[in-house]
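The values are calculated or read from the model by the stated rules, or taken from the named source; none is laboratory data. These numbers were taken from a predicted model, which means no experiment stands behind them. Glycine gets a Cβ as well: all are built from the backbone with ideal geometry, and neighbour counts include every protein chain shown.
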């Protein structure tokens, strides 16, 4: 009798549980029409976690990786390197289609200093140990924008997507040099940091100048010193397609990966330098501006990402 009562109680409990499960609403993992999705590239954070365990290098996130700065090669035909990190957004027109915007932007600024003798103080007192400061500054900035349209299909959590996009990117970099000893009639070739040729100090070499440290081509007189070099503005335009997969680990929270195939055209601006020298003909200091490199352009076609590759996304 007791066994029958226990069996009846168990059956009632199972029936009650099944009824509660049937009444429980099913979770809706996927974004719907009218939802907005915001996400970021996860690669720098994955590198950070990997460094925690691998101890391959200092465990930090490089600030220069944040923003997806499009860097340009300095070869004959420039090209757009993959931005390391960017932010993207989507607006769902329907449950299966969305318009999307991917933006990367960044500004890098570095200043380094070196001390050399104070020529004016040494002229007054040959035993003087006074010093003045020379500076090297590197500035670069860039941005990338990709606007696209995507289609989606899939199951409850796993979605595949594909579509097309238009791409615009910009990059610009300049080098600035400052000198503590001024050029004068008396001191026409003042002491300065030996930054060019094989005499580049380690201080300058360590600067993040993108592998394109200036090399001064002396003008008439052969006594110029560089004040500024522009590496030329570069613009990249293109169109492409993308394909990817996305898995929703929780309602409207997903991780995914993406690859794109793009046709890009890059136009690089002319490079120029500003320098100063003492003009003995007119007994004055002249500033000179001259072109040092012509503009160039080139095409690139291939599988490369403009923006995200591995990402984390949130929908609202």
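Here is a yes/no grid of residues against (1) surrounded by 14 or more Cβ atoms within 10 Å (Cβ to Cβ); (2) outside any strand (DSSP E or B); (3) modelled with pLDDT under 85; (4) within 21 Å of the chain's Cα centre (by Cα):
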position	(1), (2), (3), (4)
169	yes, no, no, yes
172	yes, no, no, yes
177	yes, no, no, no
191	yes, yes, no, no
203	yes, yes, yes, no
207	yes, yes, yes, yes
210	yes, yes, yes, yes
215	no, yes, yes, no
*For region 114-137, indicate whether the set of residues that are modelled with pLDDT under 95, buried (at least 21 other Cβ atoms within 10 Å of the Cβ), in contact with a strand residue (DSSP E or B) (Cβ under 8 Å, 6 or more places away or on another chain) and within 24 Å of residue 298 (Cβ to Cβ) is non-empty.*
no
*State all residues of region 225-269 that are surrounded by fewer than 20 Cβ atoms within 10 Å (Cβ to Cβ) and outside any strand (DSSP E or B); if no residue qualifies, say none.*
233, 251, 252, 269
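From the set of residues in region 280-296 that are at pLDDT 90 or above and at negative phi, which is surrounded by the most Cβ atoms within 10 Å (Cβ to Cβ)?
In the first step, residues of region 280-296 are kept if they are at pLDDT 90 or above; the result is 282-287.
In the following step, the residues that additionally are at negative phi were identified as 282, 284-287.
Details: 282: 8, 284: 10, 285: 14, 286: 16, 287: 11.
Looking at residues that are at pLDDT 90 or above and at negative phi, I get 286.
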*Among 107, 61, which is exposed (fewer than 14 other Cβ atoms within 10 Å of the Cβ), in contact with a helix residue (DSSP H, G or I) (Cβ under 6 Å, 6 or more places away or on another chain), at pLDDT below 95 and more than 22 Å from residue 245 (Cβ to Cβ)?*
61
_Within region 302-316, take every residue that is surrounded by fewer than 17 Cβ atoms within 10 Å (Cβ to Cβ) and modelled with pLDDT under 85 and give me the one that is nearest to residue 100 (Cα to Cα)._
310
_Subset tally (residues that are in a loop (DSSP other than H, G, I, E, B) and either within 25 Å of the chain's Cα centre (by Cα) or under 24 Å from residue 187 (Cβ atoms) (or both)) for region 85-123_ = 3
*asked:* Condition (residue is touching a strand residue (DSSP E or B) at 6+ places or on another chain (Cβ under 6 Å) and at pLDDT below 90) applied to region 240-251: is it met by at least one residue?
replied: no
*Positions within region 251-296 being touching a residue at least 60 places away in the same chain (Cβ under 8 Å) and within 19 Å of residue 227 (Cβ to Cβ), in sequence order*: 276, 277, 278, 285, 287, 288, 290, 292, 293
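Just checking, which of 136, 149 is under 30 Å from residue 185 (Cα atoms) and part of a strand (DSSP E or B)?
Answer to the check: 136.
Which one of 145, 99 is surrounded by 15 or more Cβ atoms within 10 Å (Cβ to Cβ) and either over 22 Å from residue 225 (Cα atoms) or at pLDDT 95 or above (or both)? Step through it out loud before you land on a result.
Numbers: 99 fails: surrounded by 15 or more Cβ atoms within 10 Å (Cβ to Cβ).
Checking each option against the conditions leaves just 145.
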